[in-house]
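S.K.: This is the structure I have questions about; it appears just below.
Please treat every number below as a calculation from the coordinates, not as lab data. Keep in mind it's a predicted model, so treat the numbers as computed, not measured. Reconstructed Cβ throughout: ideal geometry from the backbone, glycine too, with neighbour counts over all protein chains shown.
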Amino acid sequence: MNVQARRMSASRTDDDAFEALFTSEYARVVRIANRVLADSHEAEDVAQEVFIDFHRLHSATADYAPAWLHRAAAHASLNRLRGARRRQKRELAQALEEGDKTLDPQKQAELAEDRRRLREALGRLSPKPAAVLVLRASGLSYAEVAQALGVGIGQIGTLLRRAEETLRKEVTRGTSS
Amino acid sequence: MVDDPDAKVGADAAHLEGCADCQARFKSIAGDASSIATLLAVPEAEVDVAKAYAQISREPRSQPALVRFPALRPVTRPAFALVAAVLVGAIAVVAFAFSGLLFKPSTVKPVPVTIADVQALSQLSEYGTVSWTKQPDLHVVTSAADAAAVAGFPAPVASGLPKGVSTTITYAAMPQAQATFTFSAAKAAAAAARHGKTAPKLPAGMDGATMTVTVGPAIGEVYGNLNAPTGTKADGSSTVNDINLPQLVLAKSAAPTATSTQVSVTTLENFILSQPGISPELSNAVKAIGDPSTTLLIPVPVQYATATTVTVQGVDGVALGDNTGVGSGVVWLKNSYVYVVAGSVKQSDAINIANNLK
């Protein structure tokens with residue numbers, strides 16, 4: 001096989017690996033972003049950006065690929081959460097969540113307001129505590145959260161508890177200010 | 001313990017059963033966790049994976065970059081990114097050293113770079129040929145004394161390491177290396193043609209001009225037991241707890257120097273910054289630097305890291321932070337040596353180590 005043929009073969013292998021990675025992880029990456037943004041369309045935008053960034057810079061065969069994607073999804077969506085432009089749209093989407101329609105209008109409004117405050121507070125947390133909360137809430141196991149954040153699995157419980165406490169304080173601070 | 005059933009066993013569970021204080025704390029923690037989980041709950045997003053894949057396949061930006069990260073695990077990336085940044089810095093140094101003057105940096109300054117910038121700069125290597133006068137010759141050794149023997153100067157000694165950083169050190173050392181790059185108008189035209197672009201207009205006198213770059217000697221110290229066996233689970237996969245990756249990297253290198261002929265620094269600067277793909281941010285940052293012949297540029301990948309200027313050991317340094325929050329580093333230049341401290345440590349710890357490095 002000449003050099004050009006080898007390069008083409010390597011390129012095909014890489015593309016195949018990327019497609020396989022995309023197929024196996026896309027839904028989960030969307031889920032992480034959706035957990036932060038509460039907007040499935042915006043979550044898909046974030047997920048696609050994350051995959052594009054990954055593909056440009058990394059090989060899909062890298063064993064860290066899923067962990068990279070999970071962490072990037074958390075950080076990218078948290079960054080977007082901090083953007084003021086889309087807040088209004090997000091709040092509207094939250095208010096219309098299917099599961100809340102059984103509540104009376106007063107309760108719906110209160111719940112929507114609590115969710116808005118929580119996400120605002122989440123956006124003010126440092127990257128690591130915010131990411132650990134989001135990844136765990138998105139259904140990742142302790143081991144997967146540990147891999148995504150590059151920390152030992154034994155630290156996850158403590159990180160989670162601290163992050164929850166910090167978030168609670170941040171919500172309270174946001175409410176009282 | 002709140003959401004990990006496996007943790008609610010044994011002595012801890014027994015203690016919780018009989019301790020009112022811990023029960024109250026547990027209740028409070030469980031309450032926080034429960035309310036946060038409820039408020040973060042969202043309807044499941046329904047995705048069409050095939051459609052999404054087709055969308056991003058059509059996106060030109062999804063094509064792999066010419067320069068990609070090697071297959072390293074996430075924990076190593078901050079350190080790798082910093083080392084890579086310094087290497088790319090060397091490329092920039094090489095480029096800006098093509099000045100007809102001796103290039104000898106005495107300070108460091110950060111400049112923002114994008115992936116497109118790195119690609120554009122990497123194309124410059126196709127505009128000529130490289131020949132090594134002294135090949136790079138990396139030695140991995142077991143002691144500071146052996147590293148010093150290779151490099152010709154003592155290995156740096158760190159103190160004030162944060163708790164948890166391994167005391168196991170692997171040393172690597174390299175004697176001085178030297179390469180000469182010869183610009184070629186024909187090669188530049190051929191490279192442009194390969195990329196489907198018009199041949200760049202080389203400044204007058206550049207064809208056949210040579211540039212000799214000297215790097216090192218250098219010593220690197222990697223903290224962490226790299227040879228520890230990796231743990232495995234029953235299914236054969238490695239366990240996260242047993243990641244045996246470097247926690248900290250220290251490096252000391254003689255500052256790179258370069259000599260060249262035929263082309264002025266201003267001409268070359270304009271030529272490099274006019275390459276397709278160079279961002280206005282990088283271009284403006286470089287132009288804002290007064291004397292490129294005495295400044296080692298530290299490229300900061302804008303998507304992945306942030307940089308601030310700090311004072312280290314009485315001189316200006318560049319503190320780099322990984323945007324993901326898991327790594328940081330410091331680069332400074334003092335007495336003709338470039339120093340790097342980088343790893344999965346807090347930036348304040350990296351600066352503290354840098355200030356105490358002997």
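S.K.: Using 0.36 nm per residue of separation minus the Cα-Cα distance, give me the extension gain between B:Arg58 and B:Asp146 in nm, one decimal.
M.R.: Working: separation 88, 0.36 × 88 = 31.68 nm, distance 5.35 nm.
Roughly 26.3 nm would be gained on extension.
S.K.: To continue, here is another question. Quick one: if you stick a label point 7 Å off each Cα along the C-beta vector at B:Lys187 and B:Leu16, how many nm between them?
M.R.: Reported label-point gap for B:Lys187 and B:Leu16 is 6.6 nm.
S.K.: Ranking B:Trp132, A:Trp68 by Cβ neighbours within 10 Å, fewest first, what do you get?
M.R.: Values: B:Trp132 10, A:Trp68 24.
Fewest-to-most ranking of B:Trp132, A:Trp68: B:Trp132, A:Trp68.
S.K.: Determine, from the Cβ-Cβ distance of A:Glu165 and B:Val49 and an R0 of 30 Å, the FRET efficiency 1/(1 + (r/R0)^6), rounded to the nearest 0.05. Present the calculation step by step, with values, prior to reporting the outcome.
M.R.: Numbers: r = 37 Å, r/R0 = 1.23.
Efficiency, rounded to the nearest 0.05: 0.20.
S.K.: Quick one: order A:Glu170, A:Glu120 by neighbouring beta-carbon count within 10 Å, fewest to most. Don't skip to the end; give the middle numbers.
M.R.: On the way: A:Glu170 20, A:Glu120 15.
Placing the least packed residue first, the sequence is A:Glu120, A:Glu170.
S.K.: First measure r as the distance between the Cβ atoms of B:Lys134 and B:Thr168, then evaluate 1/(1 + (r/R0)^6) with R0 = 41 Å and state the FRET efficiency to the nearest 0.05. Don't jump to the answer; show the numbers that get you there.
M.R.: Numbers: r = 31 Å, r/R0 = 0.76.
That gives a FRET efficiency of 0.85.
S.K.: Would you mind calculating the gained length between B:Thr309 and B:Arg25 on full extension (0.36 nm times residue separation, minus the Cα-Cα distance), in nm to one decimal?
M.R.: Working: separation 284, 0.36 × 284 = 102.24 nm, distance 4.33 nm.
Going from the current span to full extension adds 97.9 nm.
S.K.: Pop a pseudo-label 7 angstrom from the Cα along the beta-carbon direction at both B:Thr261 and B:Arg194 and give the gap in nm to one decimal.
M.R.: Here the answer is 2.6 nm between the modelled labels.
S.K.: Sticking with this one: Sort A:His41, A:His75, A:His55 so that the residue with the fewest other Cβ atoms within 10 Å of its own Cβ comes first and the one with the most comes last. Provide the component values of the computation, followed by the final result.
M.R.: Numbers: A:His41 11, A:His75 21, A:His55 24.
Ascending Cβ contact count within 10 Å gives the list A:His41, A:His75, A:His55.
S.K.: Starting from the 7 Å offset along Cα-to-Cβ, what nm value, one decimal, do you get for the label separation of B:Ser159 and A:Asn79?
M.R.: Placing both labels 7 Å along Cα→Cβ, they lie 4.0 nm apart.
S.K.: Can you flag which of B:Lys109/B:Lys346; B:Lys134/B:Lys163; B:Lys51/B:Lys201; B:Lys51/B:Lys346; B:Lys134/B:Lys358; B:Lys134/B:Lys334 are past 32 Å Cα-Cα? Please list the in-between numbers first.
M.R.: On the way: B:Lys109/B:Lys346 21 Å; B:Lys134/B:Lys163 40 Å; B:Lys51/B:Lys201 43 Å; B:Lys51/B:Lys346 41 Å; B:Lys134/B:Lys358 29 Å; B:Lys134/B:Lys334 25 Å.
Correct reply: B:Lys134/B:Lys163; B:Lys51/B:Lys201; B:Lys51/B:Lys346.
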